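What follows is a short report on a single structure.
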Amino acid sequence: MLVATRCPACSRPHAWNVGTEHPPDGAQVAHFLVPVQRMWDDVVHTCRHQRIFCSEDCVDNWIQSTSSTRGYVMDLSTLWRFAAHWYEGRMDRGYVRREPAAAAAYLRSVGLSGSFWGL
Ligand SMILES: [Zn+2]
């Protein structure tokens with residue numbers, strides 16, 4: 001799948017061919033603004049602010065220019081592991097979403113940690 005975006009801080013374009021075999025190459029980072037405990041307060045706002053930036057410097061510039069509070073920054077490999085199975089089975093009949101303990105275990109298994117993720 002082709003994933004293409006622009007850095008929210010500097011508008012630099014980025015694109016990757018992302019597959020299931022391995023994470024995409026790149027030193028870019030993903031920034032998630034809204035902590036897990038607040039994600040469902042306004043899920044559109046939450047998803048709109050899960051973005052890929054050129055670097056942590058661009059995250060910091062964006063945080064400052066938007067007067068936002070820094071969220072969670074992860075590298076592309078962590079983002080890829082996180083995304084790889086998060087919605088697994090979602091389109092299957094009888095799908096049941098993860099219970100909180102199973103969700104926490106999944107988040108830990110892909111390398112996420114800390115209070116941002118409720119861990
Ligand atoms: Zn940038």
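Miscellaneous remarks
- Residue-span extension gain [Ile63 to Cys10] - 0.36 nm each, minus C-alpha spacing: 17.9 nm
- Ranked list, fewest to most other Cβ atoms within 10 Å of each Cβ, for Glu56, Glu21: Glu21, Glu56
- Convex hull volume per residue for the chain, taking Cα atoms only, in Å³: 120
- Between the stretch 82-119 and the stretch 11-26, the C-alpha centres lie 22 angstrom from each other.
- FRET E, pair Met1, Ala105, Förster distance 22 Å, beta-carbon r, rounded to 0.05: 0.25
Each value in this text was obtained by applying a stated rule to the coordinates, not by laboratory testing. This is a predicted model, so every value here is computed, not measured. Cβ atoms come from the backbone with ideal geometry, glycine included; neighbour counts cover every protein chain shown.
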